[in-house]
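> Below is the structure I would like to discuss, written out as structure tokens.
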Amino acid sequence: MKNRIVTALGVLGLLLTTGCATTDKAPEAAQKPATAQPAAPEMQIGEVLTATFTVQAVDLKQRLVTLKDKQGKSTTIHVGEEARNLPQVKVGDRVTVKYHEAVALRISTDTTGGITSKKETLSGSRSELGQKPAGSVRNTVEILANVLAIDRKTRKITFQGPERTLVVKAPADKDLSKLDVGDQVKLTYVEELAITVEPAPAKRGPGFKNKISN
């Protein structure tokens with residue numbers, strides 16, 4: 001999951017995209033024009049993974065940012081031209097990433113109706129011009145998937161999708177007793193990533209001590 005966060009940082013470029021976009025990743029022979037999608041429903045409560053990085057270096061000319069995690073491992077990401085707030089990022093700034101686990105919106109055994117491979121809808125927000133980068137990106141995905149495993153206690157289901165294996169938490173209203181390993185379903189799930197950049201902690205001058213007033 002940690003690798004997923006680092007990868008997402010590079011793809012999102014410190015939360016620099018906004019608005020909505022829809023892609024239909026069907027096989028080339030069955031490619032269809034992208035269609036507008038309604039806004040995703042509110043996410044259900046799921047697990048949140050948080051990671052914090054410290055900015056080690058910023059190369060504005062090449063648009064590279066080097067981040068270091070708490071274990072001391074460094075990762076360099078490229079920030080796209082759409083990153084309007086990159087000049088606000090400074091060495092020592094803290095980047096906090098929160099990844100909301102994938103939560104199913106719908107799981108249907110009716111696999112008819114237009115999905116050839118995969119449909120994605122991205123929506124997000126970003127901070128105002130001149131501020132520290134911040135914002136969130138939500139990805140709503142609709143796929144045909146096969147059920148590989150079901151954990152009825154945690155309500156987490158492992159699916160084999162068209163591109164990868166993924167674990168998705170089932171919605172509260174889904175009767176898991178009617179779902180079996182090996183079933184093929186139409187799965188719609190949502191995952192969300194939020195990023196904030198905070199200024200580097202202020203440095204205390206030499207000899208500074210906390211004093212107790214009498």
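> With a point put 7 Å past each Cα toward its Cβ, work out how far SER108 is from ARG94 in nm, to one decimal.
The answer from the label model is 4.5 nm.
> Next up: Each label point is 7 Å from the Cα along the Cα-to-Cβ direction; what then is the distance between the points at GLU198 and ARG155, in nm?
Reported label-point gap for GLU198 and ARG155 is 3.2 nm.
> Using Cα pairs under 8 angstrom and six or more residues apart, how large is the relative contact order of the stretch 118-164, in percent?
Once divided by the residue count of the stretch 118-164, the mean separation gives 31 percent.
> Multiply the residue separation of GLU128 and THR76 by 0.36 nm, subtract the distance between their alpha-carbon atoms, and state the gained length in nm to one decimal.
This chain segment gains 16.3 nm when fully extended.
Every number in this text was worked out from the coordinates using simple rules, so none of it is lab data. The structure displayed is predicted, hence computed values, not measured ones. Cβ: placed from backbone, ideal geometry, glycine included. Neighbour counts: every protein chain shown.
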